[in-house]
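The values are calculated or read from the model by the stated rules, or taken from the named source; none is laboratory data. No experiment lies behind these values; they were computed from the predicted model shown. All Cβ positions, even for glycine, are placed from backbone atoms using ideal geometry, and neighbour counts span all protein chains on display. Protein only, heavy atoms only, side chains kept; ligands, DNA and RNA dropped before computing areas. Shrake-Rupley method; radii C 1.70, N 1.55, O 1.52, S 1.80 Å.
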Amino acid sequence: MMFTSDKEKGRRAVLYHAVSSYQLLEVMLHRLINHEKEKAVLILPDFITQKYPKYQRLERLGLFDEVYLFPYLRIPHREEARILEDVSRCCQQRIPYEITDFSEIYVAGAHFYFSLYLIENHIPFSFFEDAAGMLSRWKEHDEALSKTFPIHAAIARKYGLFDGRNPYIRRIYCLKRAQTVNVSGERYEDFSVEEALQNLSRQKRKQVIRFFIKRRICTRADAILLTQQYANLGIMTQEEQHRLYEGMRTAIPPSTRLLIKRHPDDTLHYQDIFPHAKEIKEVFPAELLPYVFTRKPKVIYTFDSTGCENLHTQFQIRKVRRELYAE
């Protein structure tokens, strides 16, 4: 399908791809800041419906014009040639446009197989780092994915989709101050989710927040615990993660009124570790924490959550050394 209708004639179109909650926030903000007047199409993974079953609200809220689910769960991790065939078929079946129709393509979660379709068709695209500072720490991502999906990790590594070195990646968006590698070249674009949220008009920021949260959170908590998805990534077992957070409990003063903000993909139960703590039920990226409370807690406890890279100006961040409690 081409952009030839009277309604769409002359209107540029951009394409976004995102996988995680953080990446979804990244592309929302980038679209509102850079392409608000252009038609914007978003590709999400089919498994995101587990977190956001009402993903189509992205259209109703005006955050994107069209949203399509890419059937990653139906693509087996097998030999590369067959994966490329599957991806090509899925793109043609699920995305009602020619890939060449888009003036710009932005890919967050570039290590997922959609990027292979762009590379195979010689389509340049822009790359968003997977989390704040992860461009420098891409080997951690590689190692974690290798434990659970080794074929997927090997293909992403081969094509330079963890660190953005693939020649079809023409621009890399990252939080420059969170990097430990040189990102001074023209290819690197500084992108701060924290600053983007601060600089949005109140109306647009409310538009973003409303997708994740319907109403403000009321709490009397003094501090927030930001959890991480170590077990889900294969970094440790559920039992090891449980023991790790039992260690975290000893680092938090017992009189602290604690509120638990679970990582969107963390499945560990924390009530038996922190029996007096309250837990936020809504699923949203930690970067929205400054804007979701009627009364904001002052302190955040974490091991090494990347979400804290975008929260330093809003909270007192108290990082606990994981190696003190990890086995």
What share of all Cα pairs of the chain, in percent, falls into each consecutive 10 Å distance bin?
5, 25, 34, 25, 9, 2, 0
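Please list, by residue number, every one of the trypsin sites (Lys or Arg not before Pro) in segment 129-215 that is coil in DSSP and has at most 15 other beta-carbon atoms within 10 Å.
Working: sites: 137, 139, 147, 157, 158, 165, 170, 171, 176, 177, 187, 202, 204, 205, 206, 210, 214, 215; in loops: 137, 165, 187, 214, 215.
When the trypsin sites (Lys or Arg not before Pro) of segment 129-215 are filtered for loop state and at most 15 Cβ neighbours within 10 Å, 165, 187, 214, 215 remain.
What are the trypsin sites (Lys or Arg not before Pro) within segment 240-327 that DSSP puts in a loop, where the Cβ has at most 16 other Cβ atoms within 10 Å? Each step should come with its number before you reach the end.
Details: sites: 243, 249, 257, 261, 262, 278, 281, 295, 298, 318, 319, 321, 322; in loops: 257, 262, 281, 295, 298, 321.
When the trypsin sites (Lys or Arg not before Pro) of segment 240-327 are filtered for loop state and at most 16 Cβ neighbours within 10 Å, 257, 281, 295, 298, 321 remain.
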Pick out, from 99, 300, 159, the residue whose Cα sits farthest towards the positive end of the charge dipole of the chain, with +1 on the Cβ of Lys and Arg and -1 on the Cβ of Asp and Glu.
300
Taking Cα atoms only, helix 80-94 is inclined relative to the longest principal axis of the chain by an angle, in degrees rounded to 10, of 80 degrees
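Which value, in Å², gives the accessible area per residue of segment 1-130 when a 1.4 Å probe is used on the protein heavy atoms? Don't skip to the end; give the middle numbers.
Values: 5470 Å² over 130 residues.
For segment 1-130, the per-residue accessible area is 42 Å².
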For segment 47-106, what % of the accessible area comes from carbon and sulfur atoms, probe 1.4 Å?
43 percent
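Could you give the dipole magnitude of the chain about its Cα centre, charging the beta-carbon of Lys and Arg +1 and that of Asp and Glu -1, in debye to the nearest 20? Spell out each step's value before the answer.
Working: 50 positive and 42 negative charges, 300 e Å.
In total the dipole reaches around 1440 debye.
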Once every DSSP H run of n ≥ 4 in the chain is given -39500 (n - 2.57) and the sum is divided by its residues, what mean residue ellipticity at 222 nm do you get, rounded to the nearest 500 deg cm²/dmol?
-8500 deg cm²/dmol
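Under the classification rounded if a/c is under 1.5, otherwise prolate if a/b is larger than b/c and oblate if not, where does segment 68-194 fall, given a ≥ b ≥ c as square roots of the Cα gyration tensor eigenvalues?
Details: a/c = 2.06, a/b = 1.33, b/c = 1.55.
Since a/c reaches 1.5 but b/c is at least a/b, the shape of segment 68-194 is classed as oblate.
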For segment 98-140, which GluC sites (Glu not before Pro) are in a loop by DSSP, counting at most 15 other Cβ atoms within 10 Å?
98
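Using the Cα centre of segment 135-208 as the reference point, and only Cβ charges (+1 on K/R, -1 on D/E), how large is the resulting charge dipole? Debye, rounded to the nearest 20. Walk me through the numbers on the way to the answer.
Working: 15 positive and 9 negative charges, 48 e Å.
Charge dipole of segment 135-208: 240 debye, to the nearest 20.
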With equal scatterers on the alpha carbons only and no solvent term, can you work out the Debye log10 of I(q)/I(0) for segment 148-206 at 0.22, 0.24 1/Å?
-0.91, -0.96
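Taking square-rooted eigenvalues a ≥ b ≥ c of the alpha carbon gyration tensor, is segment 169-277 rounded, prolate or oblate, where a/c under 1.5 means rounded and, failing that, a/b exceeding b/c means prolate?
On the way: a/c = 2.32, a/b = 1.42, b/c = 1.63.
It comes out oblate by the Cα gyration axes.
For segment 84-125, what is the convex hull volume of its Cα atoms per residue in Å³? Kindly include the intermediate steps, with their values, before the conclusion.
Details: hull volume 2.9 nm³, N = 42.
Measuring per residue, one finds 70 Å³ for the Cα hull of segment 84-125.
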